[in-house]
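Some notes on the structure that comes next.
The values are calculated or read from the model by the stated rules, or taken from the named source; none is laboratory data. Since we're looking at a predicted model, the values are computed, not measured. Positions of Cβ are generated from backbone atoms using ideal geometry, with glycine treated the same way; all protein chains shown enter the neighbour counts. Note: accessible area is taken over every heavy atom of the protein model, side chains too, but ligands, DNA and RNA are not part of it. Shrake-Rupley method; radii C 1.70, N 1.55, O 1.52, S 1.80 Å.
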Amino acid sequence: MTARERIAGNVAGYVDDRTGAAKWMKKNLTKVFPDHWSFLLGEICLYSFIILLLSGTFLTFWFDPSMREVVYDGSYEPLKGLEMSAAYASTLDISFEVRGGLLMRQIHHWAALIFMVGIVVHLLRVYFTGAFRKPREFNWIIGVGLLTLGIVEGFLGYSLPDDLLSGTGIRIAEAIIQALPLVGSYLAFFAFDGAFPGTSFIPRIYTVHVLLLPGIFLALITVHLMLVWYQKHTQFPGPGRTEKNVVGYPLMPVYMAKAGGFFFIVFGVTAFLGAVAYINPIWLYGPYTPGQISAGSQPDWYMGWLDGLVRMAPPIETHAFGHTISWNILIPGLILPGIMFTGLALYPFIESWATGDKREHHLLDRPRNTPNRTAIGVMALTFTLVSLINGGNDIIATTFHLTINQMMWFSRIAIIVLPPIAFVITKRLCLSLQRADRDLVLHGRETGRLVRMPSGEFVEVHEPISPEKAWLLTSHEQLAPLELPEHDASGVRRAGSIKNKIRNRVSRAAAVAVPKATETERRELEGHH
């Protein structure tokens with residue numbers, strides 16, 4: 001034993017004698033995790049968050065979160081001698097005076113975008129595979145909470161430089177706050193410490209951005225990972241995989257090595273983007289002035305859908321009892337997002353109520369095997385994408401030589417018409433894919449070889465699929481619709497009959513599926529062949 005090994009052993013023994021950590025470490029470092037590329041999406045979020053903490057800490061050393069007026073005397077000549085806030089001036093200094101400052105600013109911004117992409121795609125993976133079902137409902141709610149906080153944190157982050165583009169976004173946020181009936185104007189005055197833009201908003205959101213929200217993020221991510229650890233990770237169906245086991249690799253050394261390597265891949269990609277793809281060039285926008293606005297103002301992509309909803313709303317206002325309610329801001333800016341995120345958070349409970357399925361699930365679904373859930377998800381995505389497209393309606397209109405009115409009316413019609421169409425098409429596609437799976441199990445794989453029969457008919461030769469493949473295509477459950485009769489056995493009308501009618505209809509819609517191939521059908525066909 002070398003001296004280094006002896007020292008390490010003595011330190012480990014010292015810690016174990018006082019904490020009893022060896023038994024816990026031995027048990028948990030050998031914990032098995034399943035292996036699939038889609039499980040890396042959550043890791044991208046975690047590693048991007050670490051990069052955000054590191055790069056953000058660097059930026060705080062030079063950023064001055066103040067709205068006091070200063071005269072710029074830096075190295076960027078086009079803005080020299082202009083009056084601006086200290087926040088904007090310090091951001092210019094970070095970009096042009098601090099060595100590596102611009103790179104760190106861009107790494108921070110790109111990491112934020114990747115973080116939000118990772119959260120959205122990770123949530124989509126969890127949704128379409130049914131990983132939110134019991135016992136993981138709370139983890140799903142935490143994920144939706146992280147998405148919501150990520151949108152707020154990103155908005156506050158790109159508002160800090162106090163440039164003309166971010167100031168426009170703050171102005172829109174103030175309008176949304178003011179749209180709240182009765183309390184809107186009071187909340188706006190509280191947020192800005194007086195009339196817009198005030199002198200306290202940047203320092204206040206700086207505190208929230210660098211202290212409050214990161215602390216909440218750390219707490220939620222920690223709870224999220226603890227729940228994943230305790231409840232065990234979901235896995236896709238496959239040979240040897242059941243609801244009661246996990247097939248994969250141990251945390252140590254396999255996943256520790258993979259995680260370390262993947263972190264440096266994410267960091268490398270983020271650093272590369274920060275080095276070669278400039279983002280948020282605030283020196284081109286100039287300092288914020290309430291009387292100006294930059295043409296083609298666009299928020300980051302995760303705020304674009306909200307901007308698009310506000311842009312497409314018709315100008316509707318109500319004047320009553322001395323108060324004005326701006327429905328064109330209140331509905332798209334607050335009510336619709338509230339409904340969307342509340343529905344998203346409660347979806348696991350809604351699906352469980354509709355299907356009557358209260359069991360634990362550790363095996364994931366293929367999206368085609370749950371056509372109703374998949375169609376709802378695509379419908380929601382279509383709604384969001386139409387909103388996102390309308391968030392750039394001025395850029396799109398200029399690029400394709402259209403008018404703003406054409407883009408506006410397209411978005412207003414499309415956001416009503418396209419989501420139901422997407423629902424119907426997606427559901428039919430899922431049922432078609434189920435039918436293709438059934439044919440594949442019963443008739444085998446098409447080989448492309450044609451055989452001429454004695455009668456002159458040409459027939460394609462099919463090759464049976466492997467038993468493993470057949471099991472994979474037929475192992476999923478197909479829940480029967482709930483039976484909730486309107487009257488009991490005595491003919492008495494049950495309480496809550498309207499609710500039961502709704503539940504019956506939703507349950508029947510969720511249970512629509514192509515019957516999967518049974519072992520009896522396979523044997524009968526084999527007998528014919």
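How far apart, in nanometres, would the label points at Val117 and Ile339 be if each is projected 7 angstrom from Cα along the Cα-to-Cβ direction?
So the label points at Val117 and Ile339 sit 3.1 nm apart.
Search the structure for amide H atoms under 5 Å from the amide H of Arg445, placed 1.01 Å from N in the peptide plane, and list their residues when 5 or more places away or on another chain.
Under 5 Å from the amide H of Arg445 lie the amide H atoms of Glu463, Ile465, each far enough along the sequence or on another chain.
To the nearest 500 deg cm²/dmol, what mean residue ellipticity at 222 nm is calculated for the chain from DSSP H runs of n ≥ 4 alone, each contributing -39,500 (n - 2.57), summed and divided by the residues? Intermediate values should be presented prior to the final figure.
On the way: 21 runs with 320 residues, N = 529.
Mean residue ellipticity, 222 nm, calculated: -20000 deg cm²/dmol.
Of all the accessible heavy-atom surface of the range 139-249, with the other protein chains kept in place and a 1.4 Å probe, what percent is carbon and sulfur?
Numbers: 3840 of 5160 Å².
The computed percentage sits at 74.
Ignoring ligands, DNA and RNA, what percent of the 1.4 Å accessible area of the range 1-123 is carbon and sulfur? Before the final figure, lay out the partial values.
Working: 4520 of 7020 Å².
That fraction is 64 percent.
For the ranges 143-154, 352-363, 15-26, what's the packing order if you count other beta-carbon atoms within 10 Å of each residue, average per peptide, and put the highest first? Can you show the working numbers first?
Numbers: 143-154: 19.0, 352-363: 16.1, 15-26: 11.2.
Descending packing order for the listed peptides: 143-154, 352-363, 15-26.
Measure out, as a whole number of angstrom, how far apart the alpha-carbon centroids of the range 160-175 and the range 294-352 sit.
Comparing the Cα centres of the range 160-175 and the range 294-352, I get a distance of 18 Å.
From Cα pairs below 8 angstrom and at least 6 apart in sequence, can you work out the relative contact order of the chain, rounded to a whole percent? Kindly include the intermediate steps, with their values, before the conclusion.
Numbers: 636 pairs, mean separation 85.8, N = 529.
So the answer I get is 16 percent.
What does the C-alpha gyration tensor say about the overall shape of the range 409-488? Classify as rounded when a/c is under 1.5, otherwise prolate if a/b is larger than b/c, or oblate.
On the way: a/c = 2.87, a/b = 1.59, b/c = 1.81.
It is oblate, given that a/c is not under 1.5 and a/b is not larger than b/c.
Full-extension gain between Phe190 and Ala511, please, as 0.36 nm times their residue separation minus the C-alpha to C-alpha distance.
Working: separation 321, 0.36 × 321 = 115.56 nm, distance 5.06 nm.
Result: 110.5 nm gained on full extension.
Beta carbons within 10 angstrom, averaged per residue: use that to sort the peptides 461-474, 32-45, 506-519, highest first.
Listed from highest to lowest mean packing, they are 32-45, 506-519, 461-474.
Convert each backbone phi in the range 504-516 into a coupling constant with the Karplus relation 6.51 cos²θ - 1.76 cosθ + 1.60 (shift: θ = phi - 60°), then list the ³J(HN,Hα) values in order as whole Hz, x for Gly and Pro.
Values per residue, Gly and Pro as x: 4, 5, 5, 5, 5, 5, 6, 8, 5, 6, 7, x, 6 Hz.
Zone of Ala275 (label point 7 Å along Cα→Cβ, backbone N under 15 Å): which residues in the range 100-119?
Answer for this model: 100-108.
Pick out, from Gln178, Leu385, Phe423, the residue whose Cα sits farthest towards the positive end of the charge dipole of the chain, with +1 on the Cβ of Lys and Arg and -1 on the Cβ of Asp and Glu.
Phe423
Enter the accessible area of Thr520 (Å², nearest 10), with the probe set to 1.4 Å and all protein chains included.
That residue has around 90 Å² of solvent-accessible surface.
Order the peptides 400-409, 212-221, 97-106 from the highest to the lowest mean number of other Cβ atoms within 10 Å of their residues.
Working: 400-409: 12.4, 212-221: 14.7, 97-106: 17.1.
Most protected by this proxy first, the peptides run 97-106, 212-221, 400-409.
Any chance you could check the Cα centroid distance between the range 257-284 and the range 184-224 for me, in angstrom?
Going from one Cα centre to the other spans 27 Å.
Applying the Karplus parametrisation 6.51 cos²θ - 1.76 cosθ + 1.60 with θ = phi - 60° to the phi angles of the range 238-244, what ³J(HN,Hα) value in whole Hz is obtained for each residue in order, glycine and proline being reported as x?
Result, rounded to whole Hz: x, x, x, 9, 10, 6, 10.
(i) 1.06; (ii) 0.98; (iii) 1.04: which one is Rg/Rh (Cα atoms, Kirkwood Rh) as calculated from this entry?
So the calculated entry is the one marked (iii).
Starting from the 7 Å offset along Cα-to-Cβ, what nm value, one decimal, do you get for the label separation of Glu468 and Arg68?
About 7.0 nm separates the two model spin labels.
Distance between Cα centroids, the range 382-416 to the range 78-147: provide it in whole Å.
Centre-to-centre distance over Cα atoms comes out at 26 Å.
Give the cross-link partners of Lys232 among the lysines, using a straight C-alpha distance below 27 Å as the criterion and excluding same-chain residues fewer than 8 apart.
Here the lysines satisfying the reach criterion relative to Lys232 are Lys23, Lys26, Lys27, Lys31, Lys134, Lys244, Lys258, Lys358, Lys469.
Nearest 20 debye, what's the magnitude of the dipole of the chain about its Cα centre given +1 on Lys and Arg Cβ and -1 on Asp and Glu Cβ?
Working: 46 positive and 42 negative charges, 384 e Å.
Computed about the Cα centre, the dipole is about 1840 debye.
Taking 7 Å along the Cα-to-C-beta vector as the label spot, tell me the Thr447-Thr318 distance in nanometres, rounded to one decimal.
Reported label-point gap for Thr447 and Thr318 is 7.1 nm.
With a probe of 1.4 Å, find how much accessible area the chain has per residue, and write the answer as a whole number in Å². Could the numbers behind the result be given before it?
Details: 29500 Å² over 529 residues.
Averaged over the residues of the chain, the accessible area is 56 Å².
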